[in-house]
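Right, one structure below, let's go through it.
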Amino acid sequence: MATVNTAQTIGRTTSPAGTPGVADYALLLLLAAIWGSSFMFIKIAVVTIPPATVTAMRMMTATAVLLPVAFAAGVSLRFTPRLLGLLCLAALFGNALPFTLIAWGQQEIDSGLAAILMGTMPMFTLLLAHAFTQDEKLNGLKLVAVLLGFAGIVVLIGPQKLVQLGGRTVSQIAVAGGALCYAINAIISKRLLREPRMAVTAAVMAVSMLMMLPVAWGNDFAGSTGPVVLDANWLQIASVLLLGLLHTGIATLIMFRLITNAGATFFSQINFLVPVFGVIWGAALLGERPGVNAFAALALILAGIAFARWGQRR
């Protein structure tokens, strides 16, 4: 999910896309299924691999995919202090921080709950866009969307637990913090509209990797008897590699293809699908059984996303 916001924002500057066809809907469902399953693979990985190491390994793998593609496409960037600053901010709020927060939170909560919480990202984006942009102010429909999204968080976590801030509550807030980071990145990405999007994505991924490698080393390797990944089994290591290769690297290329063919507005429907797929994957393969409050929260958040779309069209 790292580049959803960047692509949606940058996608607004592309030429009008054609009417979506069957292949576009198939790609949309495929991408939603891929991103929805990322929460399941994170849950598997963090059993033995610390969150910062999961993020660093994921960034390394994704960078190995995206940099060669950017070079092969012949795209490049003219680095200036302003651009470098924006790339660092996008790397921090678009990849390094949210990936780590989500992985840390999923040590305590189910993957399906994490997917539901991530569905609040569009509502956070509406609030930040209202505060920091001139052309995306709140209207009545957007305000309803924000209220529904936060109502979903309250229903999912529970009003009393929000006050008490127990272990699982803090973990859920951390995942919601990841959604907030993605929303911040959506605002940052508007400052990168004039740059080649493939080059920006590859550069941001590389900067994210450089950010996370020392963090992973300092937190997870220093003072230990050996690399922590040696304690992981093949499934946990494969999960991390898959998160980088498929869920971040290849999924980004699918996303660009979809936006180019069908447009950013069509692509934004993925916000409805990812939380649903996240719940389905967790229930089908991890045996998770979300409670009634989880399904109520999912309904509220999906309704919020719908109002957000209507408000954006208005």
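The values are calculated or read from the model by the stated rules, or taken from the named source; none is laboratory data. Only a predicted model underlies this, so the values are computations on that prediction, with no experimental measurement involved. In this analysis, Cβ positions are derived from the backbone assuming ideal geometry, glycine residues included, and neighbour counts consider all displayed protein chains.
A compact table of results
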| item | result |
| --- | --- |
| Residues satisfying the stated conditions in the range 111-150, i.e. in contact with a Gly (Cβ under 6 Å, 6 or more places away or on another chain) and either free of Cβ contacts under 8 Å to residues at least 40 places away in the same chain or part of a loop (DSSP other than H, G, I, E, B) (or both) | THR120, ASN139 |
| Test: residue in the range 62-73 that is hydroxyl-bearing (Ser, Thr, Tyr) and either under 17 Å from MET209 (Cβ atoms) or touching a strand residue (DSSP E or B) at 6+ places or on another chain (Cβ under 6 Å) (or both) | yes |
| From ALA62, ALA70, residue being hydrophobic (A, V, I, L, M, F, W, C) and at pLDDT below 95 | ALA70 |
| Residue match in the range 268-275 (condition: part of a helix (DSSP H, G or I), surrounded by fewer than 19 Cβ atoms within 10 Å (Cβ to Cβ) and of a type in the set (S, T, N, Q)) | no |
| Residue within the range 76-95 that is under 29 Å from MET205 (Cα atoms), touching a residue at least 12 places away in the same chain (Cβ under 8 Å) and in a loop (DSSP other than H, G, I, E, B) present | yes |
| Where ALA73 falls short, out of the listed (1) touching a helix residue (DSSP H, G or I) at 6+ places or on another chain (Cβ under 6 Å); (2) buried (at least 16 other Cβ atoms within 10 Å of the Cβ); (3) not charged (D, E, K, R) | (2) |
| Tally, over the range 276-293, of residues that are surrounded by fewer than 20 Cβ atoms within 10 Å (Cβ to Cβ) and in a helix (DSSP H, G or I) | 7 |
| Pairs with Cβ under 9 Å, 6+ apart, first in the range 299-314 and without any contact (Cβ under 8 Å) to a residue 24 or more places away in the chain, second surrounded by fewer than 19 Cβ atoms within 10 Å (Cβ to Cβ) and aliphatic (A, V, I, L, M) | ARG313/LEU141 |
